1. Using a 10 Å cut-off on Cβ atoms, rank the peptides 38-45, 120-127 from the highest mean neighbour count down.
2. Any idea of Arg59's accessible area? Nearest 10 Å², probe 1.4 Å.
3. Arrange the peptides 90-96, 23-29 so that the one whose residues have, on average, the most other Cβ atoms within 10 Å appears first.
4. Determine, from the Cβ-Cβ distance of Gln96 and Ile1 and an R0 of 41 Å, the FRET efficiency 1/(1 + (r/R0)^6), rounded to the nearest 0.05.
5. Give the distance, in whole Å, between the Cα centre of region 61-85 and the Cα centre of region 103-131.
6. Ignoring ligands, DNA and RNA, please state the percent of accessible area on the chain from carbon and sulfur, probe 1.4 Å.
7. Treating only the Cβ atoms of Lys and Arg (+1) and Asp and Glu (-1) as charged, compute the dipole magnitude of region 1-77 about its Cα centre; round to the nearest 20 debye.
8. Once ligands and nucleic acids are excluded and a 1.4 Å probe is used, how much of Met20 is accessible, expressed in Å² to the nearest 10?
Amino acid sequence: IPTILLMIIFGWGYSIYHGMSQAPSNSYEIRVLGKQWLWTFQYDNGKTTVGEVFVPVNRPIKLVMTSEDVLHSFFIPNFRVKQDVVPGMYTSLWFQATIPGKHQVFCAEYCGTSHSQMLAKVVVLTNEQWD
């Protein structure tokens, strides 16, 4: 009985984890590069921004991230998402912004002397602004 109960709890937890970690198939993908001490964002159309990422409201966004130098951690408190960014490895994170405006991004992993200044903004645009 305890084993069956444990398997039920494991299955339930895994299904919730899988839903949180896998981005929906219609996600807009943005590539993120972390380096001491800034974030760079590259879009599908070839444009690149530094320190600001622009996303449409009410659309799933998938960030594919890597680091150029040391371990970083991409953290958006308003969306309750955080993911380590590791050199030589790709990690991903997804979110869906529902409130237009600017939201703060932090590096949540100590990455050197200017770690506290490694900030960025997520600028959530309305559909008209995004078009």
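The values are calculated or read from the model by the stated rules, or taken from the named source; none is laboratory data. It should be emphasised that the depicted structure is a prediction, and the values quoted were computed from it without experimental measurement. Every residue, glycine as well, gets a Cβ built from its backbone with ideal geometry; the counts of neighbours run over all protein chains shown. We work out accessible area using only protein heavy atoms, side chains counted, and drop any ligands, DNA or RNA first. Shrake-Rupley method; radii C 1.70, N 1.55, O 1.52, S 1.80 Å.
1. Details: 38-45: 15.1, 120-127: 17.4.
The packing order, highest mean first, is 120-127, 38-45.
2. Arg59 exposes around 90 Å² with every protein chain in place.
3. Top to bottom by mean Cβ count within 10 Å: 90-96, 23-29.
4. Computed FRET efficiency for Gln96 and Ile1 comes out at 0.55.
5. 10 Å
6. Here it works out to 58 percent.
7. That gives a dipole near 120 debye.
8. Surface accessible to solvent at Met20 totals approximately 130 Å².
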